[in-house]
Amino acid sequence: MSAAGPAAVPAAGAAPAAAPRRSDATRGAILTAARERFAADGYERATIRAIAKDARIDPSMVMRYYGSKEGLFAAVLDVDLRLPDPAALDPDDVGRVLVSHFLDLWEENEVLTAMLRVGVTNQTGAERMQSIFRDQLTPVARRACPDPEQAPARAALCASQLLGLALARYILRLSPAVALHREEIVAWLGPTVQRYLTAPHP
């Protein structure tokens, strides 16, 4: 597992976190409901009223926190992949680390799965997915690849593997892909991602 895990962990010796505010819980409920509704209905068909009903709150609360459906959609698509610090990565092990990291994200956090569903049905969602993977994965590719100018293309190739895995395993739920154990996935995909990042340009 990579140094950057799937969820934030308080530092050792840190003061206990303050109790969550009611507004934080409300925002969380709204975002959860919105992700599910946008994924199921798409952007055009999803409504503030339906999202509020799913979150068991009044529609005015959604507008209070996010202003509009566009603002809510932008918040749903605001995702940090929490990738490891590129400077701390071993270029010879980056493929395995990335596959392990993304398995953590996909399997322990439904946000990315919902986001992928939105991305394949909505142009704005697709563009947001593109920017997230481009902006956050390219620095890792730049650290590992032999020619920094090739980093965007190599990052895109890595994304094709990671998103393809997620689509097959978590969205389409292809039985052979679902049946694979974590260690098997890392063993299969790790060397492929490693090759995309570090092999000489063909």
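Couple of notes before you dig in:
- Share of pairwise Cα separations in the range 80-150, more than 18 Å, in percent: 45 percent
- Close amide H pairs (under 5 Å, H built 1.01 Å from N) link Arg82 with no residue at least 5 positions away or on another chain.
- Simple spin-label estimate for Glu107 and Arg22 in nanometres, 7 Å along Cα-Cβ: 3.9 nm
- Correct option for mean projected area of the Cα convex hull in nm² [calculated from the coordinates] among [x] 11.3; [y] 10.1; [z] 13.3: [z]
- Amide N of the range 124-138 lying under 19 Å from the label point, which is placed 7 angstrom from the Cα of Ser68 along Cα→Cβ: 124-128
- Apportionment of accessible area to carbon and sulfur, the chain, percent (1.4 Å): 55 percent
- 19 Å reach of a label modelled at Val120, 7 Å along Cα-to-Cβ, counting backbone N of the range 178-202: 178-180
- Label-point gap, in nm, between Ala75 and His201 - each point 7 angstrom along Cα→Cβ: 4.4 nm
- Estimated from the Cβ-Cβ distance and a Förster radius of 22 angstrom, the FRET efficiency linking Gln136 and Lys53 is about 0.05.
- When the charge dipole of the chain is built from unit charges on Cβ atoms (+1 for Lys and Arg, -1 for Asp and Glu) and taken about the Cα centre, the candidate among Ile171, Val120, Ser23 whose Cα reaches farthest toward its positive end is Ser23.
- Between Ser60 and Glu44, the modelled label-to-label distance comes to 3.2 nm, taking each label 7 Å out from Cα in the direction of the beta carbon.
- Of the whole protein surface, Thr121 contributes about 90 Å² of accessible area at a 1.4 Å probe radius.
The values are calculated or read from the model by the stated rules, or taken from the named source; none is laboratory data. It should be emphasised that the depicted structure is a prediction, and the values quoted were computed from it without experimental measurement. Every residue, glycine as well, gets a Cβ built from its backbone with ideal geometry; the counts of neighbours run over all protein chains shown. Note: accessible area is taken over every heavy atom of the protein model, side chains too, but ligands, DNA and RNA are not part of it. Shrake-Rupley method; radii C 1.70, N 1.55, O 1.52, S 1.80 Å.
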